[in-house]
Amino acid sequence: MSKRIDVKDLNVYYGDFLAVEGVNINIDPKSVTAFIGPSGCGKSTFLRTLNRMHEVLPGARVKGEVLLDGEDLYGPGVDPVTVRSQIGMVFQRPNPFPTMSIRDNVLAGVKLNNKRISRSDADDLVEKSLTGANLWKEVKDRLDKPGSGLSGGQQQRLCIARAIAVAPQVILMDEPCSALDPISTLAIEDLIEELKNEYTVVIVTHNMQQAARVSDKTAFFNIAGTGKPGKLIEYSDTAVIFSNPREKATEDYVSGRFG
Amino acid sequence: MSKRIDVKDLNVYYGDFLAVEGVNINIDPKSVTAFIGPSGCGKSTFLRTLNRMHEVLPGARVKGEVLLDGEDLYGPGVDPVTVRSQIGMVFQRPNPFPTMSIRDNVLAGVKLNNKRISRSDADDLVEKSLTGANLWKEVKDRLDKPGSGLSGGQQQRLCIARAIAVAPQVILMDEPCSALDPISTLAIEDLIEELKNEYTVVIVTHNMQQAARVSDKTAFFNIAGTGKPGKLIEYSDTAVIFSNPREKATEDYVSGRFG
Amino acid sequence: MTTTTPPAPAPVKRSTLTKNQLPGWAMWAVLAGSLILGAALSSLIGFHIATWALFSALIYVAAGYFVTLSVEGARKAKDRFATNLVYAAFIVALLPLVSVIVTVLAKGIPGLTPHLLYYSMNGMTGTVDNETVANGTPVIGGVYHGIVGTLLITTWATIISVPIGLLTAVYLVEYSKGGTLARAITFFVDVMTGIPSIVAGLFAAAFFGLVFGPGTRTGFVAAVALSVLMIPVVVRSTEEMLKIVPNELREASYALGVRKWRTILKVVVPTAISGIASGVTLAIARVIGETAPLLVTAGFVNSINWNVFGGWMATLPTFIYRQLMNPTSPTNTDPSAQRAWAAALILIIFVMLLNLVARLIARIFAPKSGR
Amino acid sequence: SDNPTGSPEAAGGDAAVSGTLSGAGASSQDAAMQAWIAGFSAANSGANVQYSPDGSGAGRDAFLAGGVQFAGSDAFLDEEEWEQAKQICGPEGAMNIPVYVSPIAVAFNLEGVKELNLDAETIAKVFRGEITKWNDEAIASQNEGVTLPDTAITVVHRADESGTTENFTEYLHAAAAKVWTDEADGAWPGGLGGENAQGTSGVVSTTSSTNGAITYADASAVGDLGTVKVKVGEEYVAYTPEAAAKAVDAATPVEGRSETDMSLQLNRDTTESGAYPIVLVSYHIYCSSYKDQGTANLVKAFGNYVISEEGQNTAQESAGSAPISDTLREEAKAAIDSIKVAS
Amino acid sequence: MSNTLTEGGAKGRAGDKVFSNLTLLAGCLILLVLFAVAVFLLVQALPAFTADPAKVTGGEGFWSYIWPILIGTLVAAGIALLIATPIGIGVALFISHFAPRRLAQSLGYVVDLLAAIPSVVYGAWGVAVLAPALVPVYEWLAANAGWIPIFAGPASQTGKTMLTAGIVLSVMILPIITSLSREIFLQTPKLHEEAALAMGATRWEMIRMAVFPFARAGVVSAVMLGLGRALGETMAVALVLSGGILTASLIQSGNQTIAAEIALNFPEAFGLRLAELIAAGLVLFVITLAVNMIARWIISRHKEFSGAN
Ligand SMILES: Nc1ncnc2c1ncn2[C@@H]1O[C@H](COP(=O)(O)OP(=O)(O)OP(=O)(O)O)[C@@H](O)[C@H]1O
Ligand SMILES: Nc1ncnc2c1ncn2[C@@H]1O[C@H](COP(=O)(O)OP(=O)(O)OP(=O)(O)O)[C@@H](O)[C@H]1O
Ligand SMILES: [Mg+2]
Ligand SMILES: [Mg+2]
Ligand SMILES: O=P([O-])([O-])[O-]
């Protein structure tokens, strides 16, 4: 089951600092949407508002509406916990729980809702999630070792495994592949392709090729200068953004020979 | 002034675990060398042995020789601190000092060593280093703000600025651009290009294009399986590695359509 | 962490985000119910404000759990339960604090006069207090000597124990590799934490007696005794704070070619400074109120002594203790009690100020906030 | 400032004595000691006396270790200590001088009752917990006309070892030997129930706040608690300074001590009319010789001031003690005057 | 050819040497002092162990003298920990994760004030305020829960009981546990907290997943420091507790702690009695040691999964 996200006139603040301004965007269910844009333009910030993770920072707040299948995430009576358990997230920096074993890290989210998961079900889930994140082979012999003993890329894949293990309706990924080698990146991209069949996927990436490869639609964010708020400049089908963008800024950005 | 590095039969251990085995490599001065290879194959581990950062982990040790212009880094009487002040490093995960302002972070290498520096020299150095890391424009108005309030990519560039501020003879970079947007990446690559004129640069990257673009020589590491040690498979001119590698494994890896 | 849940009208349509959500007023209703039920229960056994509060709180915590359980499910119920318990813990902790502070304020403020601060007890006898009571004149005799003693002795104890404690903690966390020596130090520091304060005093007295002749009692001997009590607190709290400084910061510093000791002093310690400052304050607070070890090491006098290396010295706690246990006039104990409570108030104010200073230090060096 | 009382600066006084004299010991005489120190310093500007009320045992310990020049003690030096004293005081050893006499009151908190007559046996039974109610026959029979409530008796005794307890139990053991079988001791016999509290002020305040409580404490501290008249011979005697002094006069010197020593064996089961036998006698312990002239002079001057009429009266005024009799004073003066410099 | 890696470092290295030796010296100094304390205690306590049992207080030798007050000590400290640990951790959590941020700072400050109050004042407060207030509670307990041995009547009329002493101790150690725990809770990496929250953990689940594992060792240390204080506290217990022989009931007068026993009897003690008291101190030493060793063992069992990194 997957859900659509509609954002209306969203302003995002850190205290008094307006970090992202006036975003309107409609994200279709069962699609992959990529956010691109220069560093510091507010991609991560905006992404975090989509599952109410933004507000865990002191002083951070938003104005506007984010509708999940028509229901406002920021509406009265909405519990952020419910929101987050439906909208999973993978962070830019890998953050496995250092005190938990690899296995427990994968099961961490699952155990929240389903304490009584049977041993064999759990084993299956761990294998499935780790395989999905292309980590199973590397760690299958040391599932009981702490997650912090892995290499950076391994840790990131562990976090992805942890996020998909709970089967959320929307998955937000903040540069999930930035620490990964091509093989793992391929695996993750395959995974995203697969997830798309059932879930809504939003991913932030600096990698144009990646955006072009995996996403159906692409949103380009930009920032006018330091201290200015980031803005959504253009949002369109990926093919359009990369071949025939409406805005000059977008064209300048995507035509860079980088990625 | 730049120096050459010659590694002879280097084995790298975490406790009893042999992480990298039998590396022989000669890195020319005034060149850029790229390390590529799948996740977990020991690129970071090997890189850290080049400035004796490996040994700060408990139980971590090496066997073999690393010669800096013919002098063994691991020879008797060698002070690791001297080594590290000549061979700088940028980490995979940005790690600015949380107690310091942006300015102080850049000057950390100077100030922490208690070197005396005049106010104006310091200002110049800060500007030069931040400009080099393509961060100056974004932070010039908030140099006194804490470094931890920056976005992920900004933090990484801050760390690069910090590393180049001490003007080392060799610079090691562990995936310096993995958290960066294309514009910053371009800036860093330009910077590497520039650094090459005076320094020896070694970079770890998962980005084939990047390796192809910036490096003179490329080293491909691989790992036979979990628990096995990583090995240097092939080391050659970048052009050769990407167009006509000697080994099948290298060809398989670099011909992936990713990056 | 909160931007939402003002009391809301019940949602019109069934929403997956708000379903199984208690409306905002629900907990207020539960609270009101608990208060009424608590009142009823407590009047069963003879109404008292304390039992009322207690019963209401218990009912609220329990009812909050079950109401949430029935509507929002077990996880939310547990969260509610834990939240209520945490709030309850805080309120419970405030009770004795308020009670002690009120007691000290009520009994101490009348005695807190400029005279008390400016004069010692030199030459004071029971006769003076008897007259004071008989004539109803203001109490005379003060704690100047005790203030001087407390400040000097505590300062010296801090000078001795903070560097030693900090350095030892640094040794344990940064240098030792879990060797025998480190384990021995940890072992002894642990034992130290439970040393009865008087034993520390007897030890210091015996040690100085051996070296400088029997009966050597000075402020410095007391400072040494207090250091024995302070050091373990400093070591252990600092140790814990240093341990949680992330290694990547150390590595970042090493990679810049910074020496280990500079890294420790300029990166590790500043990052942990807030906790270290708290620990040091705690250690000082721990000893500044000590009585027993001071009596056997610094003696007790009624006159002012500024010299920690010679002569006996009084401190605020010993002053308080003596005034309470051996009032200046056994027949009229009120003036002594008044002086004692006023002295207690002064002591508390001192530690408050100390806390402020520690926080200031922490604020200046502490990690800046931000993601 | 060091002059809270605003007393005029001492006008020189006896130029022969100067320096610092340190003493430690009994807390019972602390209040009196403050008065003595104040009075003595006022007359001798160059002299400084300090006293640490650590407790009698600690005081004697410090004295025998040479840490202080004199000790205050609720008990005189015992045989062993007496011998030990010769090491620091020279062959003639130390001397015990009674300087502080104070009646110990048996005080209680019973609504509407201010005074009760009790004999030693009844007191002993009450404190042993054998009599548990205030309207017990044993009490009522001695107090006709007093309405005694059916309140439970709560015994409050000292938690710390103390001279007060030692003197009180010595009285009970001597005057009611059949009931009070425990030897006299500074610590309350373990195994007896009851409440306890630290220090004289502790037992008094506990008693004051507990209805039906009874305790024993230095008479100066009992405030408005009810007190017991103790049966001596055929009459009931209230505690008064005079009655206490009388009991001390009736005491016998301890055998086998030196000429100058004034250790007293109190006659607790005295039947002498008007004597109040529950008395605490607290001593000053001085050396018979000191190493240097200055100290000897200082000790002599201070000792003489303490036993002088002026000194005893100041103590009475400020600490509520009973002045020693003239006979005792003369004996004490002779002893103190014999203090000399070790040759 | 001169070696640039080995030359020139000497001066800089000296700083490192000096500093590391300084830390080592500090550690050794502590060892030395503590060793001296231990020797002092042993030497002074020796007569109590070797003396004729009949001469020791109680008349049956040192061990039968010490064990009741040893148990009393453990009971008092146990009550204190039982009350102060959950409340202390609760307060620390309240300040670090529940209270509004602006408020939290001042609240932490308020609780730290508890540490500022001298133990004599705690004692005086315990006697004057707390004990009388608890008398009706004890009477109620004796009447309604008297069948439980620890609440056996008749209740003390003064309220100066073991339970009261335990409560006063718990108030005294609360700030130790709170302030150390609070500092550690505050240091929990945001990354891990966010990781938990992002997968839909409630605040409490986040605390269990990210905060507690990270802080475990530190909190145990805090509790141990508190325990040390509770075991060694003299004046407050001496003033509050109406001590006596070992009794199961916590609401009657009776029981005693080692530290209070020392404080109460030390002033009048000499000779063998002094040795006994110091031997009692030695016993306390050993107890503290044992408890701490158990605590360290608990921490070290999970060393592999430690919080730093
Ligand atoms: N905790 C914070 N407090 C205040 N400002 C912040 C905080 N985090 C980020 N910012 C600011 O908000 C803006 C957007 O930051 P954000 O992290 O969303 O950028 P981004 O697009 O994700 O960049 P990157 O590609 O480098 O990750 C930046 O100007 C940044 O400095
Ligand atoms: N601190 C450590 N203790 C033990 N083993 C470690 C440690 N750090 C890394 N390893 C192991 O050493 C091997 C090499 O790790 P390394 O971090 O060098 O990989 P990498 O090539 O840098 O991978 P990535 O591209 O994901 O960063 C891996 O098997 C990893 O699990
Ligand atoms: Mg970002
Ligand atoms: Mg790596
Ligand atoms: O004077 P005391 O020994 O009874 O305190």
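Only residues that are assigned to a helix (DSSP H, G or I) and within 27 Å of C:Asn302 (Cα to Cα) were counted in region C:102-138, giving 24.
Of C:Ile147, C:Ile159, which residue is at pLDDT 90 or above, in a helix (DSSP H, G or I) and within 18 Å of C:Ile320 (Cβ to Cβ)? Write out each step before concluding.
Working: C:Ile159 fails: within 18 Å of C:Ile320 (Cβ to Cβ).
After applying the criteria, what remains is C:Ile147.
Of all residues in region C:65-79, those that are away from every other protein chain (no Cβ under 13 Å) and surrounded by 15 or more Cβ atoms within 10 Å (Cβ to Cβ) have Cβ atoms under 9 Å from Cβ atoms of residues that are hydrophobic (A, V, I, L, M, F, W, C) and in a loop (DSSP other than H, G, I, E, B), 6 or more apart or on another chain, in C:Val67/C:Leu22. Among what's in region C:219-238 and is modelled with pLDDT of 90 or more and open to solvent by 10 Å² or more (accessible area, probe 1.4 Å), pick the residue that is nearest to the other protein chains (Cβ to nearest Cβ). So the residue we want is C:Ile231.
Per-residue answers, yes or no, for (1) of a type in the set (D, E, K, R); (2) near ligand 2 (Cβ under 9 Å from one of its atoms); (3) within 14 Å of another protein chain (Cβ to nearest Cβ); (4) within 15 Å of the chain's Cα centre (by Cα):
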{"position": "B:Asp9", "(1), (2), (3), (4)": "yes, no, no, no"}
{"position": "B:Tyr14", "(1), (2), (3), (4)": "no, yes, yes, no"}
{"position": "B:Leu18", "(1), (2), (3), (4)": "no, no, no, no"}
{"position": "B:Glu21", "(1), (2), (3), (4)": "yes, no, no, no"}
{"position": "B:Ile27", "(1), (2), (3), (4)": "no, no, no, yes"}
{"position": "B:Ser31", "(1), (2), (3), (4)": "no, no, no, yes"}
{"position": "B:Ala34", "(1), (2), (3), (4)": "no, no, yes, yes"}
{"position": "B:Ser44", "(1), (2), (3), (4)": "no, yes, yes, yes"}
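Looking at region A:197-210, which of the residues that are farther than 15 Å from B:Ser178 by Cα and open to solvent by less than 40 Å² (accessible area, probe 1.4 Å) is modelled with the lowest pLDDT? That would be A:Tyr199.
Every residue, every condition in (1) over 30 Å from B:Asn207 (Cα atoms); (2) surrounded by 16 or more Cβ atoms within 10 Å (Cβ to Cβ); (3) of a type outside the set (A, V, I, L, M); (4) in contact (Cβ under 8 Å) with a residue 24 or more places away in the chain, yes or no:
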| residue | (1), (2), (3), (4) |
| --- | --- |
| A:Arg61 | yes, no, yes, yes |
| A:Gly64 | yes, yes, yes, yes |
| A:Pro96 | no, yes, yes, yes |
| A:Asn105 | no, yes, yes, yes |
| A:Arg119 | yes, no, yes, no |
| A:Leu130 | no, yes, no, yes |
| A:Leu150 | no, yes, no, yes |
| A:Gln154 | no, yes, yes, no |
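Exactly one residue among A:Ser85, A:Ser118, A:Ser44, A:Ser39 is of a type in the set (Ser, Thr, Tyr) and farther than 26 Å from A:Ala161 by Cβ, and that residue is A:Ser39. Can you spot a residue in region B:166-186 that is more than 8 Å from every other protein chain (Cβ to nearest Cβ), open to solvent by 10 Å² or more (accessible area, probe 1.4 Å), away from ligand 5 (no atom under 16 Å from the Cβ) and more than 14 Å from the chain's Cα centre (by Cα)? No.
When each of C:Gly275, C:Gly257, C:Gly299 is tested for being touching a Pro at 6+ places or on another chain (Cβ under 8 Å) and at pLDDT below 90, the lone residue that passes is C:Gly257.
With respect to the conditions (1) away from chain C (no Cβ under 12 Å); (2) within 25 Å of the chain's Cα centre (by Cα); (3) not hydroxyl-bearing (Ser, Thr, Tyr), E:Val56 lacks only one, and its number is (2). In this structure, does C:Thr318 turn out to be assigned to a helix (DSSP H, G or I), β-branched (Val, Ile, Thr), touching a Ser or Thr at 6+ places or on another chain (Cβ under 8 Å) and surrounded by fewer than 24 Cβ atoms within 10 Å (Cβ to Cβ)? So C:Thr318 fails the test. Annotation note: Cβ proximity below 7 Å between a residue of region A:1-24 that is open to solvent by 40 Å² or more (accessible area, probe 1.4 Å) and a residue that is assigned to a strand (DSSP E or B) and within 16 Å of ligand 5 (Cβ to nearest atom) (sequence gap 6+ or interchain) occurs for no pair. Under the condition of being away from chain D (no Cβ under 11 Å) and surrounded by fewer than 24 Cβ atoms within 10 Å (Cβ to Cβ), the residues counted in region C:113-147 number 9. Of all residues in region E:106-120, one or more are surrounded by 22 or more Cβ atoms within 10 Å (Cβ to Cβ), among the polar types (S, T, N, Q) and at the interface with another protein chain (Cβ under 7 Å from one of its Cβ atoms).
Yes/no per residue for (1) more than 14 Å from chain B (Cβ to nearest Cβ); (2) at negative phi; (3) within 16 Å of ligand 1 (Cβ to nearest atom):
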{"position": "A:Ile188", "(1), (2), (3)": "no, yes, no"}
{"position": "A:Lys196", "(1), (2), (3)": "yes, yes, no"}
{"position": "A:Lys217", "(1), (2), (3)": "yes, yes, no"}
{"position": "A:Phe220", "(1), (2), (3)": "no, yes, yes"}
{"position": "A:Ala224", "(1), (2), (3)": "no, yes, yes"}
{"position": "A:Pro229", "(1), (2), (3)": "no, yes, yes"}
{"position": "A:Phe242", "(1), (2), (3)": "no, yes, no"}
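Looking for something at positive phi and away from chain A (no Cβ under 14 Å) - is there at least one such residue anywhere in region E:148-170? Yes. B:Lys231 meets all of the listed conditions (1) over 27 Å from A:Asn134 (Cβ atoms); (2) surrounded by fewer than 21 Cβ atoms within 10 Å (Cβ to Cβ) but one, namely (1). Cβ separations smaller than 6 Å between residues 6+ apart or across chains give the following pairs from region D:260-289 residues that are within 16 Å of ligand 5 (Cβ to nearest atom) to residues that are in a loop (DSSP other than H, G, I, E, B): D:Leu266/D:Ala251; D:Ser282/D:Ala26; D:Ser282/D:Ser28; D:Ser282/D:Gln29; D:Ser282/D:Asp74; D:Tyr283/D:Phe76.
Of all the numbered requirements in (1) farther than 22 Å from B:Lys43 by Cβ; (2) open to solvent by 30 Å² or more (accessible area, probe 1.4 Å); (3) more than 19 Å from the chain's Cα centre (by Cα), A:Val254 misses one, and that requirement is (2). Answer yes if at least one residue in region A:218-228 is aliphatic (A, V, I, L, M), under 21 Å from A:Glu21 (Cα atoms), open to solvent by 10 Å² or more (accessible area, probe 1.4 Å) and out of contact with any helix residue (DSSP H, G or I) (no Cβ under 8 Å at 6 or more places or on another chain), and no otherwise. Among the residues of region A:218-228, at least one is aliphatic (A, V, I, L, M), under 21 Å from A:Glu21 (Cα atoms), open to solvent by 10 Å² or more (accessible area, probe 1.4 Å) and out of contact with any helix residue (DSSP H, G or I) (no Cβ under 8 Å at 6 or more places or on another chain), which makes the answer yes.
In region D:42-68, which residue that is more than 7 Å from every other protein chain (Cβ to nearest Cβ) and either within 16 Å of ligand 4 (Cβ to nearest atom) or surrounded by 21 or more Cβ atoms within 10 Å (Cβ to Cβ) (or both) is farthest from C:Gly299 (Cα to Cα)? The selected residue is D:Asn44.
So that you can scan it fast, the table gives a plain yes or no per residue for (1) touching a strand residue (DSSP E or B) at 6+ places or on another chain (Cβ under 7 Å); (2) over 28 Å from B:Arg213 (Cβ atoms):
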residue: A:Ile171; (1), (2): yes, yes
residue: A:Glu189; (1), (2): no, no
residue: A:Asn197; (1), (2): no, yes
residue: A:Ser243; (1), (2): no, no
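May I ask you to list the residues in region E:227-262 that are part of a loop (DSSP other than H, G, I, E, B), aliphatic (A, V, I, L, M) and open to solvent by 10 Å² or more (accessible area, probe 1.4 Å)? Working first, answer last.
Initially, region E:227-262 is screened for residues part of a loop (DSSP other than H, G, I, E, B), giving E:233-234, E:241-257.
When the remaining residues are screened for being aliphatic (A, V, I, L, M), the result is E:241, E:245-246, E:248, E:250-251.
Hits for region E:227-262 are E:Ile245, E:Leu246, E:Ala248, E:Leu250.
The values are calculated or read from the model by the stated rules, or taken from the named source; none is laboratory data. Quick caveat: nothing in here was measured; it's all calculated off a predicted structure. A quick note on method: Cβ atoms are made from the backbone with ideal geometry, for glycine too, and the neighbour counts reach across all protein chains shown. Quick note on the areas: whole protein, heavy atoms, side chains included, nothing else; ligands and nucleic acids left out. Shrake-Rupley method; radii C 1.70, N 1.55, O 1.52, S 1.80 Å.
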